[in-house]
1. Of everything in the range 309-324, what is part of a loop (DSSP other than H, G, I, E, B) and either in contact with a strand residue (DSSP E or B) (Cβ under 7 Å, 6 or more places away or on another chain) or crowded, with 17+ Cβ neighbours inside 10 Å (or both)? Give them in sequence order.
2. Within the bounds of the range 313-320, is there any residue that is without any contact (Cβ under 8 Å) to a residue 24 or more places away in the chain and under 20 Å from residue 436 (Cβ atoms)?
3. Kindly provide the set of residues from the range 120-160 that are more than 30 Å from residue 181 (Cα to Cα) and buried (at least 19 other Cβ atoms within 10 Å of the Cβ), ordered by number.
4. Here are 264, 193, 183: which of them is touching a residue at least 12 places away in the same chain (Cβ under 8 Å) and surrounded by 20 or more Cβ atoms within 10 Å (Cβ to Cβ)?
5. With respect to residue 283, is the statement that it is touching a residue at least 24 places away in the same chain (Cβ under 8 Å) and not assigned by TED's automatic domain parsing to the domain that holds residue 373 true?
6. Where in the range 1-98 are there strands (runs of 3 or more DSSP E), lying wholly inside it, with at least 3 residues that are in the same structural domain as residue 154 (by TED's automatic domain parsing), modelled with pLDDT of 95 or more and on the phi < 0 side of the Ramachandran plot?
7. Residues 401, 409, 370: which one is surrounded by fewer than 15 Cβ atoms within 10 Å (Cβ to Cβ), outside any loop (DSSP other than H, G, I, E, B) and assigned by TED's automatic domain parsing to the domain that holds residue 350?
8. Being over 11 Å from residue 388 (Cα atoms), out of contact with any strand residue (DSSP E or B) (no Cβ under 9 Å at 6 or more places or on another chain), part of a loop (DSSP other than H, G, I, E, B) and modelled with pLDDT under 95: is that true of residue 130 here?
């Protein structure tokens, strides 16, 4: 599930590290619980296949097939009202001398008879180089200023979490009847990088006054008469949309969902998903609060659990796809760029003071927990999570706090405490937890609440 971008850069630009000690499996006997809540019904235009784009063509088109030279490249889906656009693609030079700049374009068409206004509510788009390189970071870094990130996915979703719209995006785009406009027209340069490899992650939250068709495409920069490069025009994008097939090379064909044994290939997503945000209020059955664990114990809730990775909950949180290409993922595995917005009204139901911690962890992916979550010591070498989470709560003085933390977790890594609450007997404390699942991460993770031994 991890993006090829960071792994390709590291494998081609750095020597192999010295062998590390063989990790030992640790079983933590903490309870796994089903995450309350569900995804909303907001449509998400999810363009992530092919991840590495090396030919011009269609990445994802929801235009109608009629009138197109390659009808199978178009999935016929309208968007209106609230919807999201997520696009994550990589440019890699075909040869050492072919260093043309790849452009990623997202075009919107108004098929109606009245103008359509698209409000760009929040949006961000960043390159790996130079905007957001993959840099080593500690497991937890306070990130209240938003300046800590590792990779373009980490940076883009971190800004959208804060409600920002990057200054390269206008507040509105108006599309006259029957016409098209570009919502995104941005380069992924590979010159003069070593290796000639770069990626771009983009996320836009939008609201439209009418129905539109959408398409993402890849096109190499056009040349000016003096040999310099220029961005493609809307007319050139439209011509490509009308004439091109899906871009190459194709990613690995996914394993059918109903197949429960053997090797599993999730595949990359290219389709229309249902659900932009998972909203959940976490309380005990028949109560309006969540009792803190007994001292020395903890419980966890899955984040981005998926097919064959439900951690014993039998809960697959992956967003459903209502449109997809036959050789791409069956579900939006990992829920990339989807926001989790969770509320925990914690209560110390005992007559003793308690020290309660909240954290995020990356246990080994399993369908069962066998009496606990499994971790590795030391953690595996695979980087499984890089992104910012937000916690809002009242501190021990009763003052409201908002805490942003950038997390870096490798496979099987236990989490450090993000917030610590000193809770009096019968005290209640509301904790709100939010994050957007970052591209270039591997699910699942868990949200854990523990009570420390006195």
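1. Correct list: 310, 311, 312, 313, 315, 316, 317, 318.
2. yes
3. 134, 143, 148, 149, 150
4. 183
5. Details: touching a residue at least 24 places away in the same chain (Cβ under 8 Å): yes; not assigned by TED's automatic domain parsing to the domain that holds residue 373: no.
Criteria not met by residue 283.
6. So the answer is 43-47, 57-61, 79-92.
7. 401
8. Criteria not met by residue 130.
The values are calculated or read from the model by the stated rules, or taken from the named source; none is laboratory data. Bear in mind the structure is a predicted one, so any value in this text is a computation, not a measurement. Every residue, glycine as well, gets a Cβ built from its backbone with ideal geometry; the counts of neighbours run over all protein chains shown.
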